Amino acid sequence: MNEMNLENQQALEREFAKNFASPIFPILGELYLKNKDYIRAEKVCTIGLKHDPENINGYYILAKVHLYNNQLSNAEKLLIILLKKHPLHINALRLLIELQEQL
(Lines give C-alpha, C1' and ligand atoms only; values in the text may rest on other atoms or scores of the structure.)
Protein backbone atom coordinates (compact mmCIF):
# COMPACT_ATOMS: atom_id res chain seq x y z
CA MET A 1 0.00 0.00 0.00
CA ASN A 2 1.34 3.43 -0.94
CA GLU A 3 1.65 5.98 1.83
CA MET A 4 0.09 9.34 1.07
CA ASN A 5 1.88 12.60 1.73
CA LEU A 6 -0.64 14.42 3.93
CA GLU A 7 0.78 17.79 2.85
CA ASN A 8 0.20 17.09 -0.85
CA GLN A 9 -3.04 18.95 -1.51
CA GLN A 10 -3.51 17.57 -5.04
CA ALA A 11 -3.12 13.96 -3.87
CA LEU A 12 -5.61 14.56 -1.06
CA GLU A 13 -8.05 16.16 -3.51
CA ARG A 14 -7.78 13.18 -5.86
CA GLU A 15 -8.35 10.72 -3.02
CA PHE A 16 -11.34 12.68 -1.74
CA ALA A 17 -12.84 12.87 -5.25
CA LYS A 18 -12.61 9.06 -5.48
CA ASN A 19 -14.29 8.52 -2.10
CA PHE A 20 -16.21 11.28 -0.32
CA ALA A 21 -16.33 9.15 2.85
CA SER A 22 -12.54 8.86 2.94
CA PRO A 23 -11.20 9.73 6.40
CA ILE A 24 -8.74 12.15 4.78
CA PHE A 25 -11.37 14.86 4.27
CA PRO A 26 -10.62 16.66 7.58
CA ILE A 27 -6.93 16.77 6.63
CA LEU A 28 -7.81 18.33 3.28
CA GLY A 29 -10.18 20.73 5.05
CA GLU A 30 -7.43 21.73 7.45
CA LEU A 31 -5.04 22.39 4.55
CA TYR A 32 -7.65 24.64 2.95
CA LEU A 33 -8.16 26.34 6.32
CA LYS A 34 -4.42 26.91 6.69
CA ASN A 35 -4.44 28.52 3.23
CA LYS A 36 -7.42 30.71 4.17
CA ASP A 37 -9.58 28.98 1.54
CA TYR A 38 -12.63 28.89 3.79
CA ILE A 39 -15.11 28.15 1.01
CA ARG A 40 -13.34 24.94 -0.02
CA ALA A 41 -12.70 23.95 3.59
CA GLU A 42 -16.41 24.26 4.37
CA LYS A 43 -17.42 22.40 1.20
CA VAL A 44 -15.04 19.47 1.79
CA CYS A 45 -16.09 19.07 5.42
CA THR A 46 -19.80 19.37 4.64
CA ILE A 47 -19.58 16.74 1.89
CA GLY A 48 -17.35 14.51 3.98
CA LEU A 49 -19.68 14.64 6.98
CA LYS A 50 -22.68 13.74 4.79
CA HIS A 51 -20.84 10.56 3.84
CA ASP A 52 -19.19 9.93 7.23
CA PRO A 53 -21.32 11.57 9.96
CA GLU A 54 -19.25 9.98 12.72
CA ASN A 55 -15.99 11.70 11.76
CA ILE A 56 -15.33 13.91 14.77
CA ASN A 57 -12.35 15.63 13.17
CA GLY A 58 -14.61 16.71 10.32
CA TYR A 59 -16.91 18.42 12.83
CA TYR A 60 -13.94 20.10 14.50
CA ILE A 61 -12.51 21.51 11.26
CA LEU A 62 -15.95 22.63 10.09
CA ALA A 63 -16.52 24.38 13.44
CA LYS A 64 -13.20 26.20 12.99
CA VAL A 65 -14.28 27.27 9.48
CA HIS A 66 -17.47 28.72 10.95
CA LEU A 67 -15.42 30.57 13.56
CA TYR A 68 -13.21 32.11 10.88
CA ASN A 69 -16.38 33.14 9.02
CA ASN A 70 -17.74 34.68 12.25
CA GLN A 71 -20.66 32.22 12.29
CA LEU A 72 -20.38 31.65 16.02
CA SER A 73 -23.72 29.92 16.62
CA ASN A 74 -23.05 27.43 13.79
CA ALA A 75 -19.63 26.68 15.26
CA GLU A 76 -21.16 26.19 18.70
CA LYS A 77 -23.76 23.73 17.35
CA LEU A 78 -21.08 21.66 15.62
CA LEU A 79 -18.88 21.56 18.70
CA ILE A 80 -21.82 20.39 20.80
CA ILE A 81 -22.58 17.61 18.28
CA LEU A 82 -18.90 16.61 18.31
CA LEU A 83 -18.77 16.52 22.11
CA LYS A 84 -21.91 14.38 22.31
CA LYS A 85 -20.16 11.87 20.05
CA HIS A 86 -16.76 12.16 21.77
CA PRO A 87 -17.00 13.91 25.18
CA LEU A 88 -13.24 13.89 25.81
CA HIS A 89 -12.14 15.80 22.69
CA ILE A 90 -9.95 18.31 24.54
CA ASN A 91 -9.48 20.74 21.64
CA ALA A 92 -13.22 20.87 21.03
CA LEU A 93 -13.85 21.47 24.73
CA ARG A 94 -11.35 24.34 24.78
CA LEU A 95 -12.78 25.85 21.62
CA LEU A 96 -16.34 25.60 22.92
CA ILE A 97 -15.39 27.32 26.19
CA GLU A 98 -13.66 30.16 24.31
CA LEU A 99 -16.62 30.44 21.97
CA GLN A 100 -19.21 30.53 24.74
CA GLU A 101 -17.23 33.24 26.50
CA GLN A 102 -17.50 35.32 23.29
CA LEU A 103 -21.21 34.66 23.00
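The values are calculated or read from the model by the stated rules, or taken from the named source; none is laboratory data. As the structure is a prediction and not an experimental result, all values here were calculated from the model. Don't worry about glycine lacking a Cβ; one is built from the backbone with ideal geometry, like all the others, and counts go over all protein chains shown. Surface areas here come from the heavy atoms of the whole protein model, side chains and all, with no ligands, DNA or RNA. Shrake-Rupley method; radii C 1.70, N 1.55, O 1.52, S 1.80 Å.
With a 1.4 Å probe and every protein chain kept in, tell me what percent of the accessible surface of the chain is carbon plus sulfur. The partial results should precede the final answer.
Details: 3380 of 6550 Å².
The computed percentage sits at 52.
Hey, what's the Cα Rg ratio for the chain versus the globular rule of thumb, 2.2 N^0.38 Å? Don't skip to the answer; put the middle values down first.
Details: Rg = 13.6 Å, N = 103, 2.2 N^0.38 = 12.8 Å.
So the chain has a normalised radius of gyration of 1.06.
Counting Lys and Arg as +1 and Asp and Glu as -1, each charge on the Cβ, what is the dipole of the stretch 57-103 about the Cα centre in debye, to the nearest 20?
Numbers: 5 positive and 3 negative charges, 40 e Å.
That gives the stretch 57-103 a dipole magnitude of about 200 debye.
Provide the per-residue ³J(HN,Hα) series for the stretch 39-49, in order, calculated from phi with Karplus coefficients 6.51, -1.76, 1.60 and θ = phi - 60°, each as a whole number of Hz, with x at glycine and proline positions.
Along the stretch 39-49, the couplings run 5, 5, 4, 5, 5, 4, 5, 5, 5, x, 5 Hz.
Placing +1 at every Lys and Arg Cβ and -1 at every Asp and Glu Cβ, with all other atoms neutral, what dipole size does the stretch 1-66 have around its Cα centre, in debye to the nearest 20?
Numbers: 8 positive and 9 negative charges, 48 e Å.
Value, rounded to 20: 220 debye.
Taking every pair of distinct Cα atoms and averaging 1/r, then inverting, what Kirkwood hydrodynamic radius in Å comes out for the stretch 13-57? Write out the running numbers ahead of the final one.
On the way: mean 1/r = 0.0991 Å⁻¹.
Evaluated over the stretch 13-57, this radius sits at 10.1 Å.
With the cut-off at 23 Å, tell me which of the pairs Lys36/Lys64; Lys18/Lys64; Lys18/Lys50; Lys36/Lys85 have Cα atoms farther apart than that. Kindly include the intermediate steps, with their values, before the conclusion.
Numbers: Lys36/Lys64 11 Å; Lys18/Lys64 25 Å; Lys18/Lys50 15 Å; Lys36/Lys85 28 Å.
Correct reply: Lys18/Lys64; Lys36/Lys85.
Roughly how many Å² is the accessible area per residue of the chain, as a whole number, for a 1.4 Å probe?
Details: 6550 Å² over 103 residues.
Using a 1.4 Å probe on heavy atoms only, each residue of the chain averages 64 Å².
Based on DSSP H runs of at least 4 residues, each adding -39500 (n - 2.57), what is the mean residue ellipticity at 222 nm of the chain after dividing by all its residues, to the nearest 500 deg cm²/dmol?
Taking each H run of at least 4 residues, the total per residue is -22500 deg cm²/dmol.
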